[in-house]
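Before any comments, here is the structure.
Taken together, the values in this text are just the output of simple stated rules run on the coordinates, not laboratory data. Because the structure is predicted, anything quoted here is derived from the model rather than measured. A quick note on method: Cβ atoms are made from the backbone with ideal geometry, for glycine too, and the neighbour counts reach across all protein chains shown.
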Amino acid sequence: MFFPAGMLSFASFARIPEARGMRMKILGLCGSPRKDNSRTAWLVQRTLAAAEERGAETEYIDVARLKLGPCVACDRCHHLGECVQKDEFNAIFRSMLFADGIVLGSPVYIYHVTAQLKLFIDRLANAIHCLRLEGKYGAAIATAGGSGHEETASYLERLISRLGAQCVGKVGCTLEDGPVKPGSAPGVQAWELGVHLVEAIAAKKEFPEQRREIEARRSYFRQLMVKRQDQWPWEYRYWLKKGWL
Ligand SMILES: Cc1cc2nc3c(=O)[nH]c(=O)nc-3n(C[C@H](O)[C@H](O)[C@H](O)COP(=O)(O)O)c2cc1C
């Protein structure tokens, strides 16, 4: 089997849970800097707890605690299939590749995700060009003081789709909804989100509207890959190997 530089070798493929018949894996990433006092973190962890109760293996990552720099627009990821910066991005992205489901959570900071999470998101250009999370499922969570949670959760949902995955749902709340805890409306929604995520992964559920969106992105990037095969050689090879060209 041919694997372009930076792609999974057979040995790493064999470590993928599905390839080994192992437990489903769900990764939760949260962009709040408030650590244990974060409402978003609580909701992400609640979603993970529901998934775990349904048999999934889960991992929670506090993105604000990671050593992460901003994208420096060097374009090397398009050549190599991974980032050249020596920080924690590649390890976290690898965990995403090994997960079946990804929960993304952020507080609203001035109408958007936090800068901490955006640093991580901006590093995903190669992943978006190559729809590298295709076949996986996601879920989105956003909390706000008063507003912007719906837009921010929708942004995270769109990001999940741009990465090639399908989003099973989103949860958003404001301070008006009161403290987040088991039994609160957001707490119940976050739990249900975890259950939906596990069920969608187990059933390989298709969301037709999202599938159309993913296919539209694939058509868009197909043209670009042909045009930019010299500037994006790793990505071009990835597309060839996938049989998408
Ligand atoms: C720098 C900063 C910017 C914020 N911007 C907004 C905002 O634009 N709209 C809003 O409704 N709440 C805003 N908030 C409030 C947070 O979104 C809200 O308290 C959120 O639930 C915090 O989540 P956390 O507990 O997970 O950190 C902001 C808070 C901070 C610290």
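Over the Cα atoms of the range 10-242, how large are the radius of gyration and the largest Cα-Cα distance (Dmax), in Å?
That works out to 17.4, 55 Å for Rg and Dmax.
What are the DSSP H helices in the chain that stretch 18 Å or more along their long axis, judged by alpha-carbon atoms, and whose average Kyte-Doolittle hydropathy comes to at least -0.5?
On the way: long enough: 39-53 (21 Å, -0.19); 149-162 (19 Å, -0.89); 185-203 (27 Å, 0.88); 208-227 (29 Å, -1.43).
Those that pass (Cα extent of 18 Å or more, hydropathy at least -0.5) are 39-53, 185-203.
Could you pull out the pairs from LYS170/LYS227; LYS25/LYS181; LYS35/LYS118; LYS205/LYS242 whose alpha carbons sit more than 27 Å apart here?
Working: LYS170/LYS227 36 Å; LYS25/LYS181 24 Å; LYS35/LYS118 17 Å; LYS205/LYS242 21 Å.
Checking Cα-Cα distances, LYS170/LYS227 exceed 27 Å.
I need the calculated FRET efficiency for the pair GLU150 and LYS205, taking r as the beta carbon distance and R₀ as 25 Å, to the nearest 0.05.
Values: r = 23 Å, r/R0 = 0.93.
With R0 = 25 Å, the Cβ-Cβ based efficiency is 0.60.
Need the full-extension length gain, ALA185 to ALA91, defined as separation in residues times 0.36 nm minus the C-alpha distance. One decimal, nm.
Numbers: separation 94, 0.36 × 94 = 33.84 nm, distance 3.44 nm.
Contour length minus the Cα-Cα distance gives 30.4 nm.
Just to confirm a number: summing +1 for Lys and Arg and -1 for Asp and Glu over residues other than VAL103 whose beta-carbon lies under 11 angstrom from that of VAL103, what do you get? Write down the numbers at each step before the final one.
Values: positive: ARG46, LYS170; negative: GLU59.
Its environment carries a net charge of +1.
Starting from the 7 Å offset along Cα-to-Cβ, what nm value, one decimal, do you get for the label separation of ALA115 and ASP36?
About 2.7 nm separates the two model spin labels.
Which stretch or stretches of the range 170-189 have amide N atoms under 18 Å from the point lying 7 Å from VAL195's Cα along the Cα→Cβ direction?
From the range 170-189, the list is 170-172, 181-189.
State to the nearest 20 debye the size of the charge dipole of the chain about its Cα centre, where the only charges are +1 on K and R beta carbons and -1 on D and E beta carbons. Kindly include the intermediate steps, with their values, before the conclusion.
Working: 34 positive and 27 negative charges, 151 e Å.
I would put it at about 720 debye.
From a point 7 Å beyond the Cα of GLU53 in the direction of its Cβ, which residues of the range 176-195 have a backbone N at a distance under 11 Å?
182-183, 188-195
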